[in-house]
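The values are calculated or read from the model by the stated rules, or taken from the named source; none is laboratory data. Owing to the predicted nature of the structure, the values given are computational and were not obtained by experimental measurement. Because the Cβ atoms are built from the backbone with ideal geometry, glycine has one as well, and the counts that use them run over all protein chains shown. SASA here: full protein model, heavy atoms, side chains in, ligands and nucleic acids out. Shrake-Rupley method; radii C 1.70, N 1.55, O 1.52, S 1.80 Å.
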Amino acid sequence: MKILVLGSQGMLGKELVSRLPAFARASLSPITVIAANHTQVDITRGTDTSRFIVRERPDIIVNCAAFTNVDACETQRTEAFGVNASGAKNIALAGKEISARLIHISTDFVFDGTKNEPYVETDQPNPVSQYGKSKLEGELAIQEISDAYTIIRTAWLYGHGKKNFVTTIRDIGNKNGSVSVVTDQCGSPTYTADLSHAIWTIISRNLQGIYHVANTGTCSRHEWARKIFELTGDQVSVYPLKTGDYKRVATVPQNSTLNCLKYATASGHTMRPWQEALKEYLDA
């Protein structure tokens, strides 16, 4: 089985590429992993995407490529939609050409955050940011084009090798001795190592459709920050802040919590609590 990972230099892509061979060995499934970044294939260009994918002829395409800077998406709309929407469409078209299966990484930001309980896969998307809108457009294109796809919506992703919420909060806190973090944005912090395992589970069990996948449990960003410093032992004060008092370019959903029961039931695999995953990440 040949697996192509697009966006291989991103936070999730690098983790997935490094872990896929071990997952395959453990399940006695011989695989070949092709890692491709934007310098090797520009997914915003349909001809380039088709030429590359047809030449490599993977059995499975995992699209980890994305424009993920939520605030920048507001001012760089063309670039954001080029990667997140047109890019997803180009990959789906090329994948269909060679009958490859497509696994696409999407986001909790396709929802508006007004629901009072975790979002399920059948809830109506209603993104409130250009990032969310671009990712939803990509989802819709894949569903329209592909005959064999899995869309994975995940949330609050962090991992090794790239700047993320955990590294940013630690940097600010250790520099200033304190940090102010919003209390009214809730979600499920998700570790790239755990999501990589879930992607392999989805591949090996041939799960298709839309699945929500995140570490279990929920917290506010304020609670997440407090847990980070509790686990590191850094002497940093974490002060509460409301979203309305925090100036940022993009509007973001206040409730990003995802209900992952569909994935757990179909796969037989339940993601571990976010606190356990965070500890392992920080220990590493």
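On the basis of being buried (at least 22 other Cβ atoms within 10 Å of the Cβ), of a type in the set (Val, Ile, Thr) and assigned to a strand (DSSP E or B), does Ile151 make the cut? First the steps, then the outcome.
Numbers: buried (at least 22 other Cβ atoms within 10 Å of the Cβ): yes; of a type in the set (Val, Ile, Thr): yes; assigned to a strand (DSSP E or B): yes.
When the stated conditions are applied, Ile151 passes them.
List the number of the failed condition for Arg226; all other conditions in (1) open to solvent by less than 40 Å² (accessible area, probe 1.4 Å); (2) more than 30 Å from Ala26 (Cα to Cα) hold.
(1)
Do we find that Gly173 is on the phi > 0 side of the Ramachandran plot, touching a residue at least 60 places away in the same chain (Cβ under 8 Å) and open to solvent by less than 40 Å² (accessible area, probe 1.4 Å) in this structure? Quick ask: steps written out before the conclusion?
On the way: on the phi > 0 side of the Ramachandran plot: no; touching a residue at least 60 places away in the same chain (Cβ under 8 Å): yes; open to solvent by less than 40 Å² (accessible area, probe 1.4 Å): yes.
In short, no.
Might you let me know whether the stretch 135-148 holds any residue that is at pLDDT 95 or above, open to solvent by 10 Å² or more (accessible area, probe 1.4 Å), closer than 22 Å to Asp245 by Cα and hydrophobic (A, V, I, L, M, F, W, C)? Steps first, please.
Step one: filter the stretch 135-148 for residues at pLDDT 95 or above, giving 135-146, 148.
Next cut, open to solvent by 10 Å² or more (accessible area, probe 1.4 Å) only: 136-137, 140-141, 143-146, 148.
Of the ones still in play, those that are also closer than 22 Å to Asp245 by Cα are none.
Scanning the stretch 135-148 turns up no residue that is at pLDDT 95 or above, open to solvent by 10 Å² or more (accessible area, probe 1.4 Å), closer than 22 Å to Asp245 by Cα and hydrophobic (A, V, I, L, M, F, W, C).
Residues checked against (1) of a type in the set (D, E, K, R); (2) under 28 Å from Ala284 (Cβ atoms):
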{"site": "Ser18", "(1), (2)": "no, yes"}
{"site": "Ile31", "(1), (2)": "no, yes"}
{"site": "Asn37", "(1), (2)": "no, yes"}
{"site": "Arg45", "(1), (2)": "yes, no"}
{"site": "Ile61", "(1), (2)": "no, no"}
{"site": "Ala72", "(1), (2)": "no, no"}
{"site": "Gln76", "(1), (2)": "no, no"}
{"site": "Val83", "(1), (2)": "no, no"}
{"site": "Gly87", "(1), (2)": "no, no"}
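Please work out which residue is most open to solvent (accessible area, probe 1.4 Å), limiting yourself to the stretch 85-126 and to residues that are part of a loop (DSSP other than H, G, I, E, B) and under 25 Å from Arg45 (Cβ atoms). If you could, list the steps in order and put the result at the bottom.
Step one: list which residues in the stretch 85-126 are part of a loop (DSSP other than H, G, I, E, B), which gives 98-100, 111-118, 120-126.
Still in the running and under 25 Å from Arg45 (Cβ atoms): 98-100.
Details: Ile98: 23, Ser99: 105, Ala100: 10 Å².
Result: Ser99.
I'd like the residue in the stretch 229-260 that is over 23 Å from Pro273 (Cα atoms) and free of Cβ contacts under 8 Å to residues at least 60 places away in the same chain and, out of all such residues, is surrounded by the fewest Cβ atoms within 10 Å (Cβ to Cβ).
Kept after step one, since they are over 23 Å from Pro273 (Cα atoms), are these residues of the stretch 229-260: 235-237, 239-252.
Narrowing the set further to residues that are free of Cβ contacts under 8 Å to residues at least 60 places away in the same chain leaves 235, 244-245, 247.
Details: Gln235: 10, Gly244: 8, Asp245: 9, Lys247: 5.
By that ranking, first place goes to Lys247.
When residues of the stretch 203-223 are filtered for being under 16 Å from Pro30 (Cα atoms) and either within 16 Å of the chain's Cα centre (by Cα) or open to solvent by less than 20 Å² (accessible area, probe 1.4 Å) (or both), how many remain?
Looking only at that region, the number is 1.
Any idea which of Thr39, Thr32 is open to solvent by 60 Å² or more (accessible area, probe 1.4 Å), out of contact with any Cys (no Cβ under 9 Å at 6 or more places or on another chain) and touching a residue at least 24 places away in the same chain (Cβ under 8 Å)?
Details: Thr39 fails: touching a residue at least 24 places away in the same chain (Cβ under 8 Å).
Answer to the check: Thr32.
Which condition number does Asp59 fail, the rest of (1) closer than 28 Å to Thr168 by Cβ; (2) open to solvent by 50 Å² or more (accessible area, probe 1.4 Å); (3) in contact with a strand residue (DSSP E or B) (Cβ under 6 Å, 6 or more places away or on another chain) being met?
For Asp59, the exception is condition (1).
Within the stretch 255-282, count every residue that is under 19 Å from the mean Cα position of the chain (by Cα), in a loop (DSSP other than H, G, I, E, B) and modelled with pLDDT of 95 or more.
7
Which of the residues belonging to the stretch 70-85 are in contact (Cβ under 8 Å) with a residue 40 or more places away in the chain and closer than 9 Å to Ser134 by Cβ?
Within the stretch 70-85, Cys73, Arg77, Ala80, Phe81, Val83, Asn84, Ala85 meet the criteria.
Quick one: is Gln130 without any contact (Cβ under 8 Å) to a residue 24 or more places away in the chain and closer than 27 Å to Ala94 by Cα? Full working, then the answer.
Working: without any contact (Cβ under 8 Å) to a residue 24 or more places away in the chain: no; closer than 27 Å to Ala94 by Cα: yes.
No: the conditions fail for Gln130.
Kindly provide the set of residues from the stretch 207-244 that are under 21 Å from Tyr191 (Cα atoms), of a type outside the set (Asp, Glu) and in a helix (DSSP H, G or I), ordered by number.
The answer is Arg221, His222, Trp224, Ala225, Arg226, Lys227, Ile228, Phe229, Leu231, Thr232.
All but one of (1) in a strand (DSSP E or B); (2) under 18 Å from the mean Cα position of the chain (by Cα) hold for Ala193, so report the exception by its number.
(1)
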